[in-house]
Amino acid sequence: MQVYGVDLAEWYAAGRWVALLDFVDGLPSACRLNEAIVNDKEYAAYMASLPKSEDEWAPRVAEFDLNAHLLRELLHAVKSLSTVTLAAAGGKPSEPTPFPAPRTELERAMEAADRRWTEDFIGRLGFDASDI
């Protein structure tokens, strides 16, 4: 079977397992392979038996293009308008939760640097990191 100039049967016959796994990992999330995987009963039972992750889901950077960014902004605007409309009608709206954006190590490193700077700054004023 040739896909994008790649003969997957040749890779399989040659035992190029890492290349095959890299190829499969690079497939978009909305593909027939992923549909088959999530509809497999044994895989579903295995995934259901795993402990729940503490990390909040976020989209992959590779799948968060300009369209996804603009749709995220549009979703935030609609949620904000819904909140304002509900408040204007006398209701008590909850704070809208933003749709997650990709989380990267660069972002985490910048947050850690900001945290260290803040702790240093409040330490100079006589406060403790627990006061943040």
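Quick notes
- Shown here: mean projected area of the Cα convex hull in nm², derived from the displayed model; of the candidates [x] 15.1; [y] 7.6; [z] 12.1, it corresponds to [x].
- Cross-link partners of K52 among lysines, defined as those whose alpha carbon lies under 20 angstrom from its own and excluding same-chain residues fewer than eight positions apart: K41.
- Cross-link reach list, lysines versus K79, counting only Cα pairs under 23 Å and skipping chain neighbours closer than eight places: K92
- Of the DSSP H helices in the chain, those whose Cα atoms cover at least 27 Å axially and whose Kyte score averages 1.6 or more: none
- The calculated FRET efficiency for the pair K92 and I37, based on their C-beta separation and a Förster distance of 30 Å, comes to about 0.10.
Every number here is computed from the coordinates shown, using simple stated rules; none is lab data. Nothing here was measured: the structure is a model prediction, and the numbers come from that model. All Cβ positions, even for glycine, are placed from backbone atoms using ideal geometry, and neighbour counts span all protein chains on display.
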